[in-house]
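Notes to accompany the following structure.
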Amino acid sequence: MTEEIEIESFKLDHTKVDAPYVREAGELTTPSGDIIKKYDLRLMQPNQGVIPTAAMHTIEHLLAGFMREKIDAIIDLSPMGCRTGFYLSKIGETEIEEVEDALISSLEEILETEDVPATTAKECGNYRDHSLFGAQEYAQEILTGFKSS
Ligand SMILES: [Zn+2]
């Protein structure tokens, strides 16, 4: 390999961040000139907190719709393998504050939700691994973190 590949998140000092937060994590310009933005939606403090898989999975299913209702041109919203947050990729620039406001109101919606979309074997790759109870417990904890920061 002659050209070294740099991964933005591998260069982030995870001991120096203060979650929950929203951070810009990358930008690409397509050949036709469109800007693709990536945001780090960090929900738990790295190496201190972690969201269990069932709660994380349910938060993923719920944020998929709630975030798209608030922010245009979302390409993807994916859980991090470390289960401390999500990455959001979208077309065009959105202010950090706007992404954070959308995240906070989406987490508030999770607290009010009574059902989770797409939880059948046909619609999901691991439909047995969901917890709305867990999603709401962690959403509450994350919201408390946002309010005290
Ligand atoms: Zn699923």
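The values are calculated or read from the model by the stated rules, or taken from the named source; none is laboratory data. Note that the structure is predicted; figures quoted are calculated from it, not measured. Neighbour counts run over all protein chains shown; Cβ positions are idealised from the backbone, glycine included. Note: areas computed on protein heavy atoms with side chains; ligands, DNA, RNA excluded. Shrake-Rupley method; radii C 1.70, N 1.55, O 1.52, S 1.80 Å.
Numbers at a glance
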read-out	value
ALA102 being at pLDDT 95 or above, farther than 21 Å from PRO46 by Cβ and open to solvent by 50 Å² or more (accessible area, probe 1.4 Å)	no
Failed criterion for LEU63 (all others in (1) in contact (Cβ under 8 Å) with a residue 40 or more places away in the chain; (2) assigned to a helix (DSSP H, G or I); (3) out of contact with any strand residue (DSSP E or B) (no Cβ under 8 Å at 6 or more places or on another chain) hold)	(3)
Flag for THR58 being open to solvent by less than 50 Å² (accessible area, probe 1.4 Å) and among the polar types (S, T, N, Q)	yes
Hey, GLU114 among the acidic types (Asp, Glu), closer than 14 Å to GLN136 by Cα and touching a Phe, Trp or Tyr at 6+ places or on another chain (Cβ under 7 Å) or not	no
Complete set of residues in the stretch 106-119 that are closer than 21 Å to SER149 by Cα and either open to solvent by 40 Å² or more (accessible area, probe 1.4 Å) or in a loop (DSSP other than H, G, I, E, B) (or both)	GLU108, GLU109, LEU111
Neighbours by Cβ (under 7 Å, 6+ apart or cross-chain): first from the stretch 32-57, in a strand (DSSP E or B); second within 16 Å of the ligand (Cβ to nearest atom)	LEU41/PHE86
Top-ranked residue in the stretch 98-129 [being under 15 Å from VAL22 (Cβ atoms) and in contact (Cβ under 8 Å) with a residue 60 or more places away in the chain; ranked as farthest from the ligand (Cβ to nearest atom)]	GLU100
Selection count, the stretch 10-30, where residues are closer than 21 Å to ALA102 by Cβ and open to solvent by less than 70 Å² (accessible area, probe 1.4 Å)	8
